[in-house]
Amino acid sequence: MAAANKRPEINRAITFFNARTPRYQLTVDREKCKKMGVNLAEVFNTIQTYLGSTYINDFTIYNRNFRVIAQADTLYRNDIVDVDKYYVRNYRGTMLPLSSVMSYKVNEGASMLSHYNLYARPNSWAMQNGDTARARRCRPLEETGTRCCPRLRL
């Protein structure tokens, strides 16, 4: 982006790409699940419902359709340490803390990447100076991309 912004033909080039977005890696200890009598499907369903959401069903009332989605309240999924408050049932009917069969690790990465020609690419935008034809507007960006990233295929 810095190289594109130095070009006189380009007014402004920006991107919202950030490779330092916090992410969480959840690891389920399958051996521990087996020893404690916890079904793996129950563990993953619990994680999905509490940290994300689960579709339940649709129903119609007053000639309108409604969708039922189950998910934890915002207060219970604000932070990753909240997984210590989630429980899963084993084969004997005992409720066990989810943290007894699962661990988590915080790491960083890109929040979302688009793909173009099977290659991951961050979204970027550029505004050009003047009113020129599309082919001439794209050429400075292509030249900058080729020069700065020689392995990049445009």
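No lab work stands behind these numbers, since they all come straight from the coordinates. Being a predicted model, the structure only gives us computed values, none of them experimental. When we count neighbours, we look across all protein chains shown, and the Cβ atoms used for this are built from the backbone with ideal geometry, even at glycine.
Going by the alpha-carbon gyration tensor, a ≥ b ≥ c the square roots of its eigenvalues, is segment 22-107 rounded (a/c under 1.5) or, if a/c is not under 1.5, prolate (a/b greater than b/c) versus oblate? Oblate, because a/c is 1.5 or more while a/b does not exceed b/c.
Ranked for footprinting exposure by Cβ neighbours inside 10 Å, fewest first, 24, 87 give 24, 87.
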